[in-house]
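The values are calculated or read from the model by the stated rules, or taken from the named source; none is laboratory data. A quick note: this is a predicted structure, and the numbers were derived from the prediction, not measured. Ideal geometry is used to build each Cβ from the backbone, glycine not excepted, and the neighbour counts take in all protein chains shown. Quick note on the areas: whole protein, heavy atoms, side chains included, nothing else; ligands and nucleic acids left out. Shrake-Rupley method; radii C 1.70, N 1.55, O 1.52, S 1.80 Å.
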Number of protein chains: 2
Amino acid sequence: MPASISQSVEPDIDLAERLFADLSSRTRKGVGIERDSYGPGEQAAHDLMRAAAETLGLEVSIDAIGNLLMTQPGAARQVPGILIGSHLDSVPQGGNYDGAAGVVAGLSVLSGLRRAGLTPACDVTVMAIRAEESAWFDVSYLGSGGAFGLLDPNCLSIRRSDNGRTLEETLRALKLDPEAIRERRRLLDPKSIRAYLELHIEQGPTLVERGLPAGVVTAIRGCKRFRNARCLGRYGHSGATERAYRQDAVAATVALLHHLESVWIAQEKSGADLVFTSGEIYTDATMHAPSKVSGETHFVLDIRSVSNDTMDAVAEEARSAAKRLGREYRVRFDLGDTSDSPPALMDSRLRRALMNLLVQPFEMASGAGHDAATFAAVGIPSAMIFVRNDHGSHNAEESMELADFAVGARALQRLILEFPF
Amino acid sequence: MPASISQSVEPDIDLAERLFADLSSRTRKGVGIERDSYGPGEQAAHDLMRAAAETLGLEVSIDAIGNLLMTQPGAARQVPGILIGSHLDSVPQGGNYDGAAGVVAGLSVLSGLRRAGLTPACDVTVMAIRAEESAWFDVSYLGSGGAFGLLDPNCLSIRRSDNGRTLEETLRALKLDPEAIRERRRLLDPKSIRAYLELHIEQGPTLVERGLPAGVVTAIRGCKRFRNARCLGRYGHSGATERAYRQDAVAATVALLHHLESVWIAQEKSGADLVFTSGEIYTDATMHAPSKVSGETHFVLDIRSVSNDTMDAVAEEARSAAKRLGREYRVRFDLGDTSDSPPALMDSRLRRALMNLLVQPFEMASGAGHDAATFAAVGIPSAMIFVRNDHGSHNAEESMELADFAVGARALQRLILEFPF
């Protein structure tokens, strides 16, 4: 297709605006957005996207674990197609754009094509992926991992962090099929997918700081997480327990976290790619008191890097520091196992094509995990475009301008039209 | 009274054993003991003591704010009397002996005197004091402070930490009289009290470590507490927010607590008396997630010393470090005001008398606050005896042997009989 034709086509931004408004009103809970994985919030978002797809006349299907596939048939139907995907779930008290923007982008791209009367060369499917966030079930990429039969069947017994129901019980309640996960059934054939494209809001401040509307992703950081770390000491009277006799879980946990911050700074200085976070920490509310030395803390250690070696080194340092500080503070750290997602490289050919479509080309690593990592892991050429977003993500203040969203969606639409078949 | 007579009298340890068993069965909640200040748990303990006093034939009265006074009339009734007191409330999930042991000791002393047919020279009153613990209402010594009209009337609007009811509402529900506090009414005349004596379990490990059944208290550490400290940062994505852009409330709080531990160590090295504790810390459970940089923490800073100057210096250091680290971590600390209780010296004459009554005389500072500090503050000669107790206090594992309790109660009883009138 000549460039002159594709340049006159635009994504349907009016549709995008309506969908974002509907998502916000249907899935808001208090201050933030709550689209709980495999819960009512995520389901409401799926229902909304499905209705929009049906209005557009797309072919709609739902796979065994609830991923929603909305397909614009191509001129040739037997050749590998293109997927535009992202997830619809959110963290507790999250924002409206993390995940959903990628699905909305796909629909606005397809609506724009239909309005222009253009049929793509191959099928283009918008995939609304389930349960990317690990906040509800303690595992990332349930939807994309499950689509390729990659999940450990033991994940079916993981309980949701809020209501305690297992993934298996939760799937059955939605009339979905946990056997697909148990049998490691492949619901999508990687050979049937020519490319996976994902638009996502940037979750850090880089594009805002640089004054750019969008950027192309080079690689996705992996994540190594101690999700259920604990420190076990002994409760005692705060005034009457001298330092020499204390088994203070808070003091020991503070020492561990402070040490790991210094490890992060040292890694940064050595040029390694790393982010380290403990975003949850708490003493036991049924046991703690202002006049008690604490006997127990719970906390999370979240380690991310584009390098497996760096993540392994920091996790190992956390384990050995926990042993050393456990002796020093007369407590016991139980860090538990890590949940791991590996780093993923984006496809160089698609990256170059997207860079050529941006007026202000810019490349950057992704600090957060994305479903694109799963598609890359099964050998599908994958690419991501980040859209500028103020205030970070995973919070109620996510702030994406529609004009910036349009820059990203337009790049995806043109990539599809100009795809080098 | 000749020493030969007083040496043949013993406290009623059978009564003490029964009272401890009844207290445990009536105020146990799950693993620990819960005698909530001005709540059903504390009231059950008061009812139990009152019934025991009536069985013994003591004169019973209750003051306007619920302190229970149980009096053995003396040979002379118009001269100043002796008070044996302690509190009956406990922290949440506390132990059976903290506080209650002092009231039970008083009753076992008086029961022993009656069994021996001995009348003390002056009235001896066992005072079961209300609400010593600050875990429920955020102020210490409500019962003893209120008895001397010392409470700030604003305390009536303090809300109970669990049910949110104000102290005033709580007192009215028990048919007690908040006006006594509002008018700063003096319910007890210091001139009518010759001496205040308090037996209490030791709340640290010193007597256990030294193999001693009991010890005499030299001074009570004061307490300066930031009860509602917060750190306010900004939520963000844990993977995508680089260190330079973070406003991480957990990292900043860790830095502050780590710094204050180093302040403690330095004070110890300089010979100052100090204990420092943060026994409560938590991120916001409705907002935090493993993949979020935390935007808010809540924590307590508890500073204790026998020296006001030391407490002031550490509190000032906490404030200035909070400012400095707030800038460094791009967050805002809101430490709030401190609630203060001053240190208190015990009466030297009573201390010497108690030391002479112990087979293994031993003196030590009290790390925890006690009602005795209030009595000392209004000029009443006050003394305390500590009883050996394993596993510290303010927890379910408090462990006091009756034989050790008897050593302490016997010393009190003999002090009363041999009191230098």
Check on A:Arg230, at the interface with chain B (Cβ under 7 Å from one of its Cβ atoms), out of contact with any helix residue (DSSP H, G or I) (no Cβ under 7 Å at 6 or more places or on another chain) and under 30 Å from A:Ile158 (Cα atoms):
no
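Just give me the residues in region B:204-227 being without any contact (Cβ under 8 Å) to a residue 60 or more places away in the chain and more than 9 Å from chain A (Cβ to nearest Cβ), in sequence order.
B:Gly211
Can you find a residue in region A:194-202 that is aliphatic (A, V, I, L, M), touching an Asp or Glu at 6+ places or on another chain (Cβ under 7 Å) and within 30 Å of B:Gly279 (Cα to Cα)?
No, the conditions are met nowhere in region A:194-202.
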Which one of the conditions (1) open to solvent by 50 Å² or more (accessible area, probe 1.4 Å); (2) under 30 Å from A:Arg227 (Cα atoms) does B:Lys292 fail to meet, given that it meets all the rest?
(1)
Output for region A:204-241, where each listed residue is open to solvent by 10 Å² or more (accessible area, probe 1.4 Å) and assigned to a helix (DSSP H, G or I):
A:Thr206, A:Val208, A:Glu209, A:Arg210
Region B:1-20 - residue that is open to solvent by less than 70 Å² (accessible area, probe 1.4 Å) and at pLDDT 95 or above and, of those, nearest to B:Asn395 (Cα to Cα)
B:Phe20
Check whether at least one residue in region A:71-90 is within 14 Å of chain B (Cβ to nearest Cβ), in a loop (DSSP other than H, G, I, E, B) and either open to solvent by 10 Å² or more (accessible area, probe 1.4 Å) or out of contact with any strand residue (DSSP E or B) (no Cβ under 7 Å at 6 or more places or on another chain) (or both), and report yes or no.
yes
Can you find a residue that is at pLDDT 95 or above, within 20 Å of the chain's Cα centre (by Cα) and within 23 Å of B:Ser134 (Cβ to Cβ) anywhere in region B:393-410?
yes
Can you report the number of residues in region B:233-246 which are more than 7 Å from chain A (Cβ to nearest Cβ) and over 18 Å from A:Met364 (Cα atoms)?
3
Among the residues of region B:134-154, which ones are buried (at least 20 other Cβ atoms within 10 Å of the Cβ) and modelled with pLDDT of 95 or more?
B:Trp136, B:Phe137, B:Leu142, B:Gly143, B:Ser144, B:Gly145, B:Gly146, B:Ala147, B:Phe148, B:Leu151
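Quick one: in region A:294-332, which of the residues that are assigned to a strand (DSSP E or B) and farther than 18 Å from A:Val254 by Cα is nearest to the chain's Cα centre (by Cα)?
Here the residue is A:Arg304.
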Qualifying positions in region A:21-36 - closer than 22 Å to B:His288 by Cβ and open to solvent by 60 Å² or more (accessible area, probe 1.4 Å)
A:Arg28, A:Lys29, A:Gly30, A:Val31
Considering region B:91-135 alone, what residues qualify as being part of a loop (DSSP other than H, G, I, E, B) and small (Gly, Ala, Ser)?
B:Gly95, B:Gly99, B:Ala116, B:Gly117, B:Ala121, B:Ala131, B:Ser134, B:Ala135
State all residues of region A:333-345 that are modelled with pLDDT of 95 or more and in a loop (DSSP other than H, G, I, E, B); if no residue qualifies, say none.
A:Leu335, A:Gly336, A:Asp337
Of those in region B:61-70 that are open to solvent by 10 Å² or more (accessible area, probe 1.4 Å) and touching a residue at least 60 places away in the same chain (Cβ under 8 Å), the residue nearest to B:Leu199 (Cα to Cα) is B:Asp63
From the residues in region A:173-203 that are within 14 Å of chain B (Cβ to nearest Cβ) and touching a Phe, Trp or Tyr at 6+ places or on another chain (Cβ under 7 Å), which one is surrounded by the most Cβ atoms within 10 Å (Cβ to Cβ)?
A:Ile201
Across region A:351-375, what is the total count of residues that are in a helix (DSSP H, G or I) and either within 14 Å of chain B (Cβ to nearest Cβ) or under 22 Å from the mean Cα position of the chain (by Cα) (or both)?
6
Take region A:305-330 and flag every residue that is polar (S, T, N, Q) and free of Cβ contacts under 8 Å to residues at least 24 places away in the same chain.
A:Ser320
Report yes if B:Gln267 is of a type outside the set (A, V, I, L, M), part of a loop (DSSP other than H, G, I, E, B) and either under 27 Å from B:His370 (Cβ atoms) or touching a Lys or Arg at 6+ places or on another chain (Cβ under 9 Å) (or both), otherwise no.
no
Take the residues of region B:393-413 that are within 28 Å of B:Gly30 (Cα to Cα) and open to solvent by less than 10 Å² (accessible area, probe 1.4 Å): which is farthest from the other protein chains (Cβ to nearest Cβ)?
B:Phe405
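Taking region A:367-392 as the region of interest, how many residues are under 17 Å from A:Leu212 (Cα atoms) and either in contact with a Gly (Cβ under 8 Å, 6 or more places away or on another chain) or of a type outside the set (S, T, N, Q) (or both)?
8
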Could you please find all residues in region B:305-324 being open to solvent by 40 Å² or more (accessible area, probe 1.4 Å) and within 13 Å of another protein chain (Cβ to nearest Cβ)?
B:Val306
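Those residues that are more than 7 Å from chain B (Cβ to nearest Cβ) and aliphatic (A, V, I, L, M), I need them from region A:286-304; list them, please. Please lay out each step first, then the result.
We begin by selecting, within region A:286-304, every residue more than 7 Å from chain B (Cβ to nearest Cβ); these are A:295-299, A:301, A:303.
Those that are more than 7 Å from chain B (Cβ to nearest Cβ) and aliphatic (A, V, I, L, M): A:Leu301, A:Ile303.
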State whether the residues of region A:116-128 include one that is under 23 Å from B:His288 (Cα atoms), of a type in the set (A, V, I, L, M) and either surrounded by 24 or more Cβ atoms within 10 Å (Cβ to Cβ) or touching a helix residue (DSSP H, G or I) at 6+ places or on another chain (Cβ under 8 Å) (or both).
no
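Counting only residues that are of a type in the set (S, T, N, Q) and under 20 Å from the mean Cα position of the chain (by Cα), which one in region B:337-350 is surrounded by the most Cβ atoms within 10 Å (Cβ to Cβ)? Before you say what the answer is, go through the steps one by one.
Pass one, region B:337-350, residues of a type in the set (S, T, N, Q): B:338-339, B:341, B:348.
Now narrow it down to the ones that are under 20 Å from the mean Cα position of the chain (by Cα): B:338-339, B:341.
Values: B:Thr338: 19, B:Ser339: 18, B:Ser341: 23.
Filtering first and then ranking leaves B:Ser341.
Any idea which residue in region A:245-263 is least open to solvent (accessible area, probe 1.4 Å), counting only those that are free of Cβ contacts under 8 Å to residues at least 40 places away in the same chain and not acidic (Asp, Glu)?
A:Val254
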Only residues that are part of a loop (DSSP other than H, G, I, E, B) and facing chain A (nearest Cβ under 7 Å): list them for region B:274-284, please.
B:Ser278, B:Gly279, B:Glu280
